[in-house]
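Reading through the structure tokens given below for one structure.
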Amino acid sequence: MTPAPDRAAFSAGERSFPCPRAQPDLGWTSHAGVGLKPQHIGDIIAQQPQIGFFEIHAENYMGAGGPPHRHLTAIRERHPLSIHGVGLSLGAAAPLDTEHLERLAALVLRYEPALISEHLAWSSQDGRFLADLLPPAYTPALLRQVIDHIDQVQSRLSRRILLENPSTYLTFEESTIEETEFLDEVARRTGCGLLLDVNNVYVASINLGRDPSAYLAAFPLSRVGEIHLAGHASRLDANGAPLLIDAHDRAVAEPVWALYRWVIDRLGPTPTLIERDADIPPWPVLYAEAQRAQDLMTALPGDALALVR
């Protein structure tokens, strides 16, 4: 069974934040969804597929209006919506960009999504946005900074957010806290939830020579409010060792599916997103991947980790 949310209405300290208005009743919290792409808008509006939810990148909808907002409004009337941000830079040592936060707040007010999420990463420096989501060093100072950032975001949005584990390609010598402990402590002290990106777990584990099953065994699953699945590219580094890139440009790999099965065996049905941000396939292909996740959520679980060891 899925663990009950921490609170019916998010609260932290003396603050009490209301839940969003009712979403379309499709039993979405135990269903799979997909990232909404412009190439699929026509098919989705015409077919009205039975799917759990759609997720958008916040930064793609921070403009005032036009066709993207008309289409999103039409889809939001029939399907639950999740907003996933990539630009808040919660893991940066610098203060948050308050103008960006205001744009996010306006978007949340406009569409009242069921879920809001961001990355434990940094993507800006001295007012410039970078081309990637970079993982931070896990130190006590950074822990305090991330907690302050999330408090600021949740206070402004009057909503609970989910924090996503990053994909990583190296470790920092100054890190003194394990990533799973860092995430757990942030969630405990801010009341935020976690977004478990299973592909990020696999990518980081292979790149760092670690066991993805051990990472998941240490992960605070009771705090998970959403799961992401995506594809990755495989390369070799300069020493000929495997190097995985969180590319989001292909189907979910079988070892990632196996890890996902293990997670839902323990967590229960949980909103699960299929991410695809490059080399976008036809709608039926992406929809079929979401259906596979849905089928796994309703099937009898097996010993999935045996498939990836």
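Read the figures in this text as sums done on the coordinates, not as results from a lab. The structure displayed is predicted, hence computed values, not measured ones. As a convention, Cβ positions derive from the backbone with ideal geometry for all residues, glycine included, and neighbour counts pool all protein chains shown.
Against the globular-protein guess of 2.2 N^0.38 Å, express the Cα radius of gyration of the range 44-307 as a ratio, rounded to two decimals.
On the way: Rg = 18.1 Å, N = 264, 2.2 N^0.38 = 18.3 Å.
Expressed relative to 2.2 N^0.38 Å, the Cα Rg reads 0.99.
Among MET297, MET62, what is the fewest-to-most ranking by other Cβ atoms within 10 Å?
Placing the least packed residue first, the sequence is MET62, MET297.
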Taking θ = phi - 60°, what integer Hz values does the Karplus form 6.51 cos²θ - 1.76 cosθ + 1.60 yield along the range 97-104, in sequence order, with x for Gly and Pro?
7, 5, 5, 5, 4, 5, 5, 5
Sorting TYR215, TYR202 on the 10 Å Cβ count, fewest up front, what's the list?
TYR215, TYR202
Within the range 163-227, report the trypsin sites (Lys or Arg not before Pro) that DSSP leaves as loop and that have at most 15 other Cβ atoms within 10 Å.
ARG210
Can you give the % of DSSP beta bridges in the range 44-307 that are antiparallel, to the nearest 5?
25
Using a 7 Å offset from the Cα along the Cα-to-Cβ direction at both GLN50 and GLU254, what is the distance between the two label points in nm, to one decimal?
2.9
Expressed as a whole number of Å, what is the distance separating the alpha-carbon centroids of the range 56-110 and the range 169-197?
24
